[in-house]
Amino acid sequence: MQSPSDPISEFELIQRFFKTGADAMNSKSRIGLGIGDDCALIHSSSNEEIAITSDMLVEGRHFFVNANPELLGRKALAVNLSDLAAMGATPLGFTLALALPRADPVWLEAFSKGLFSLAKQFSCTLIGGDTTAGPLTISITAFGTLPKGEAIRRSGAKPGDDIWVSGELGDARLALAALRHEIKLTELELKQIEHRMHQPIPRLELGIQLRGVATAALDISDGLLGDLKHILNQSNVDAQIWIDQLPKSAILLKQDSSIQNQFAACGGDDYEICFTANKDQRSAIEQISKTLNLSLTRIGQTTAMKNDAANIEILTSDGKLLSKDESKALMKSFDHFK
Ligand code: ADP
Ligand code: MG
């Protein structure tokens, strides 16, 4: 029996206590999109929208105690810019809310160096924030702009669309497993993939190029299959995923196949873009891949929705369909509360 005080999932929490109340208020016509996507959208003028996103990093939860402050500064901004990328937005600026256990100038020097290195790289300025004493928590809200109506929402996929993903998947999870001594990598191997965990690259140029090309997109923060379900549920489509097609690094490919699949399909912290597009966009997408020198891989297709909730069929390269139990075991995506 479920008791009223039993813990609930992160998704259910947002839905029950925030989205329902927010939707009921849904009054301001200048709010183009509220809770549920990578960014909210506000109409700023007749031809422009502002995309807004917040992401928080908490010590001991999102990063190790005593983590390198320079890398932390970079990553805190990168995960927010990744949400702007997922909508196709151009970065404008960001605010920074910091809770610090103590005001250590050496730590702050390194943190701000990392933060501004990424801010400069993507021309996204710090415009304000808040600072308080408390357990180390970094919360950033980033703002971007979009030509009106061109944001790539999670809700636009159509049955029969191709499903694509940028870059390679699973290395951030593999680096985490190695650092936690769950998996053994050589020093050199760890060195080659560790940046995927500490220094994700927001795919901003890709997001901009995908305006008018992709039908839906999101950035993968909690694992491909779990995050893809957000696109599917919001677009009312199912999907087939070709598990052996998921793009993996040479180092992940050295692991046994169950680890490869689990990490590529469900490992968190990839910050790649998963998007859907009509089949007739294939050559345009291949061209974008060449222009940006970024691999874009077709990993499956959307299909008409069969039931109320989205379903993902997972197929192997020899045409075998994974059973419900096998898929479930693979799909343990990350949830902060379960
Ligand atoms: P993402 O992984 O893209 O950052 P999340 O899974 O964190 O997205 O959030 C899903 C949606 O729920 C987003 O639209 C986000 O803005 C919204 N959301 C998350 N937490 C809250 C909250 N406490 N109040 C209102 N909206 C929230
Ligand atoms: Mg996101």
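Among residues of segment 24-44 being free of Cβ contacts under 8 Å to residues at least 40 places away in the same chain and within 16 Å of ligand 2 (Cβ to nearest atom), the one that is nearest to residue 89 (Cα to Cα) is 40. I'd like to check something: does segment 177-196 contain any residue that is closer than 30 Å to residue 155 by Cβ, of a type outside the set (A, V, I, L, M) and within 16 Å of ligand 1 (Cβ to nearest atom)? No, segment 177-196 contains no residue that is closer than 30 Å to residue 155 by Cβ, of a type outside the set (A, V, I, L, M) and within 16 Å of ligand 1 (Cβ to nearest atom). Residues in segment 198-209: is at least one without any contact (Cβ under 8 Å) to a residue 24 or more places away in the chain and part of a loop (DSSP other than H, G, I, E, B)? No - not one qualifying residue is present in segment 198-209.
When residue 212 is tested against (1) assigned to a loop (DSSP other than H, G, I, E, B); (2) surrounded by 23 or more Cβ atoms within 10 Å (Cβ to Cβ), just one condition goes unmet, and that condition is (2). Per the listing 239, 264, 250, the residue uniquely out of contact with any Leu (no Cβ under 6 Å at 6 or more places or on another chain) and either of a type in the set (A, V, I, L, M, F, W, C) or more than 16 Å from ligand 1 (Cβ to nearest atom) (or both) is 250.
Apart from one condition, residue 157 fits all of (1) assigned to a strand (DSSP E or B); (2) buried (at least 23 other Cβ atoms within 10 Å of the Cβ); (3) touching a residue at least 60 places away in the same chain (Cβ under 8 Å); the exception is (1). Within segment 235-249, the residues that satisfy the criterion of being touching a strand residue (DSSP E or B) at 6+ places or on another chain (Cβ under 7 Å) and more than 16 Å from ligand 2 (Cβ to nearest atom) are 237, 238, 239, 240, 241, 242, 243, 245, 246, 247. With the condition kept exactly as written, say whether any residue in segment 55-68 is within 16 Å of ligand 1 (Cβ to nearest atom), at pLDDT 95 or above and out of contact with any helix residue (DSSP H, G or I) (no Cβ under 7 Å at 6 or more places or on another chain). Yes: one or more hits. When 206, 252 are checked against the criterion of being crowded, with 21+ Cβ neighbours inside 10 Å and within 16 Å of ligand 2 (Cβ to nearest atom), a single residue qualifies: 206.
Could you list, in sequence order, the residues of segment 235-262 that are part of a strand (DSSP E or B) and either free of Cβ contacts under 8 Å to residues at least 40 places away in the same chain or not aliphatic (A, V, I, L, M) (or both)?
238, 240, 242
Is there a residue in segment 121-140 that is touching a residue at least 60 places away in the same chain (Cβ under 8 Å) and buried (at least 23 other Cβ atoms within 10 Å of the Cβ)? Among the residues of segment 121-140, at least one is touching a residue at least 60 places away in the same chain (Cβ under 8 Å) and buried (at least 23 other Cβ atoms within 10 Å of the Cβ), which makes the answer yes.
Applying the set (1) assigned to a loop (DSSP other than H, G, I, E, B); (2) farther than 23 Å from residue 75 by Cα; (3) within 16 Å of ligand 2 (Cβ to nearest atom) to residue 232 leaves exactly one unmet item: (1).
Where strands (runs of 3 or more DSSP E) sit wholly within segment 1-108, none has at least 3 residues that are loosely packed, with under 13 Cβ neighbours inside 10 Å and touching a strand residue (DSSP E or B) at 6+ places or on another chain (Cβ under 8 Å).
Listed here are the residues, each with its yes/no results for (1) in contact (Cβ under 8 Å) with a residue 40 or more places away in the chain; (2) within 16 Å of ligand 2 (Cβ to nearest atom); (3) touching a Phe, Trp or Tyr at 6+ places or on another chain (Cβ under 9 Å); (4) closer than 25 Å to residue 229 by Cα.
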| site | (1), (2), (3), (4) |
| --- | --- |
| 19 | no, yes, no, yes |
| 22 | no, no, no, yes |
| 46 | yes, no, no, no |
| 50 | yes, no, yes, no |
| 56 | yes, yes, no, yes |
| 63 | no, no, no, no |
| 81 | yes, yes, yes, yes |
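Of all the criteria given as (1) buried (at least 18 other Cβ atoms within 10 Å of the Cβ); (2) closer than 27 Å to residue 11 by Cβ, the one not satisfied by residue 258 is (1). Inside segment 163-196, can you point out the residues that are within 12 Å of residue 271 (Cα to Cα), acidic (Asp, Glu) and either under 14 Å from the mean Cα position of the chain (by Cα) or surrounded by fewer than 14 Cβ atoms within 10 Å (Cβ to Cβ) (or both)? Passing the criteria: only 168.
The values are calculated or read from the model by the stated rules, or taken from the named source; none is laboratory data. Keep in mind the model is a prediction, meaning the values are calculated, not measured. In this analysis, Cβ positions are derived from the backbone assuming ideal geometry, glycine residues included, and neighbour counts consider all displayed protein chains.
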